[in-house]
Each structure stands twice: as C-alpha cells, then as structure tokens.
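What follows is one structure encoded as structure tokens, with my remarks underneath.
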Amino acid sequence: MSPDAPLNLLVVDDHALVREAFSTMLKAEFPDSKVHSAGSCAEAMVFARQHDYDIVLVDIELGDRSGLELTTELRMLANPPRIIAVSMHQEETFVTRTMQLGARSYVTKDAPPHELFDAIRATMAGRTYISRELAQRFADLSIRKSTVRKDHQKLSNRELEVLMQLARGKSLKQVAQDLSLSPRTVAVHKHNLCRKTGLKSTVDLLRYCQANGLA
C-alpha cells in the first residue's frame with residue numbers, strides 16, 4: 001500500500017475538542033481517507049466491529065475504561081487494526097505496556113502534528129514509531145539506568161490504573177465508577193498495589209506518582 005493511499009481511520013478520545021482537532025488534521029493531511037471518532041471504549045468497539053479500520057488512534061486514559069484494555073480488545077478482532085497510542089503520558093512504563101499489548105506506535109499529545117502523520121505512515125509501512133523526544137529520553141535513560149526496577153513496574157495494568165486514580169485524590173467509590181468496577185474490587189486492587197510498592201497513605205501514592213511521572 002502506498003504511504004498516502006486512502007485510509008480508514010478511527011480516533012478514540014473522551015474529549016470532544018481533541019477528537020475534533022485530530023479529525024480535522026487527519027482529513028487535511030490524508031484528504032481521501034475516511035476519519036471516524038469515538039468518545040469511549042464502548043463506542044470504539046461498536047465502530048470497530050462495523051468497519052475494518054486501517055489505523056485506530058487510542059488515548060490511554062478514557063472515561064469509561066482504559067485505553068490499555070481497548071488496545072487488547074481491538075487486537076482480538078478477526079481483522080484487527082493497527083493501533084497508535086496517543087497519550088499525555090511519557091513514562092516508560094506506559095509506552096512499554098502499550099506496545100506489549102499490541103500498539104504499533106506511540107505519540108505524545110504535545111508532539112508536533114507532523115509526528116502523528118509520520119507515525120501513521122510508518123505504522124502502515126509495518127514499522128514502529130515513537131515520538132522523537134520520547135525516544136531520545138529513553139535512549140538517554142537506558143545509558144544511565146540502574147538495575148533496580150521501579151516499584152510500579154510490579155503492578156498489573158489494573159493496579160497501575162487504580163494507583164493513578166487514587167493519586168488524584170479520588171475515593172474508592174469514584175475510582176470504581178470511573179473504571180466500571182465494584183468498590184470492593186477497587187479496595188482489593190489498592191491492597192495489592194500497596195503491598196507490592198510499600199506505599200500506605202494517599203499522600204504516599206501522590207508523591208510516588210509525581211516522582212515517577214505518573215501524575
């Protein structure tokens with residue numbers, strides 16, 4: 001396929017202004033392509049089952065569920081799309097986990113528009129693309145990196161999500177609503193993540209997340 005052949009694209013983001021901005025940019029850069037948008041994981045899966053998308057742009061944090069979960073579900077479709085994560089998160093854990101779950105590329109939301117277009121073309125050509133500033137940061141980090149693993153790398157995807165939600169000062173009930181879980185389940189995840197990380201209070205969670213780029 002030519003790098004500029006017409007594409008079938010889906011933008012998934014829970015902010016209407018972001019969806020509109022992305023859709024406008026994509027239509028201008030790829031004028032013969034079709035661009036749809038979804039505001040939630042549930043809506044995205046409805047569209048994905050109705051259309052064969054070439055590329056799905058997935059925000060990591062969505063209102064109803066996690067973009068990590070959506071990435072997994074999209075990869076299970078009979079004809080799975082190529083997935084590009086588009087996120088505000090620049091922490092290595094997010095990039096690594098997202099790629100492990102099946103995303104082909106990762107672009108930060110503060111990257112210039114041409115990087116998103118480069119990511120789409122690279123992904124369609126079968127290559128992996130990571131935002132340049134992010135890739136450079138990882139390269140620099142790998143040189144200085146010690147062998148000690150960060151505590152949050154021990155967490156499951158769901159435990160990591162709960163950690164971040166609690167660090168924002170949300171109650172167990174609020175986290176449960178945001179992640180479509182029961183308060184009891186969230187409490188279990190909190191217990192497990194605190195056991196794995198040694199963190200105890202909400203203040204500890206907040207400080208840890210801020211220190212590690214998770215908040």
* **Residues (of a type in the set (Val, Ile, Thr) and either in contact with a Gly (Cβ under 6 Å, 6 or more places away or on another chain) or open to solvent by less than 10 Å² (accessible area, probe 1.4 Å) (or both)) located in the stretch 109-130** => 120, 123
* **Candidates 32, 64, filtered to the one that is part of a loop (DSSP other than H, G, I, E, B), over 21 Å from residue 128 (Cβ atoms) and either in contact with a strand residue (DSSP E or B) (Cβ under 7 Å, 6 or more places away or on another chain) or at pLDDT 90 or above (or both)** => 32
* In the stretch 172-215, what residues are closer than 17 Å to residue 63 by Cβ and over 20 Å from the mean Cα position of the chain (by Cα)? -> 173, 174, 186
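Just to be sure, is residue 23 among the polar types (S, T, N, Q) and in a strand (DSSP E or B)?
On the way: among the polar types (S, T, N, Q): yes; in a strand (DSSP E or B): no.
When the stated conditions are applied, residue 23 does not pass them.
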* Asked: Taking interchain pairs and intrachain pairs at least six residues apart, which have beta carbon atoms under 8 angstrom, with the first residue in the stretch 41-59 and outside any loop (DSSP other than H, G, I, E, B) and the second of a type in the set (Lys, Arg)?
  -> 41/65; 42/65; 55/82; 56/82
* What is the one condition in (1) touching a His at 6+ places or on another chain (Cβ under 9 Å); (2) open to solvent by 10 Å² or more (accessible area, probe 1.4 Å); (3) aliphatic (A, V, I, L, M) that residue 95 does not satisfy? -> (2)
* Asked: How many of the residues in the stretch 134-171 are modelled with pLDDT of 80 or more and closer than 27 Å to residue 55 by Cα?
  -> 5
* To do: Kindly indicate whether any position in the stretch 7-14 is open to solvent by less than 20 Å² (accessible area, probe 1.4 Å) and in contact with a Gly (Cβ under 8 Å, 6 or more places away or on another chain).
  => yes
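The values are calculated or read from the model by the stated rules, or taken from the named source; none is laboratory data. Just so it is clear, the structure is predicted and the values come from calculations on it, not from any experiment. For neighbour counting, all protein chains shown are included, and Cβ atoms are generated from backbone atoms with ideal geometry for every residue, glycine included. These area figures cover heavy atoms from the full protein model, side chains too; ligands, DNA and RNA do not enter into them. Shrake-Rupley method; radii C 1.70, N 1.55, O 1.52, S 1.80 Å.
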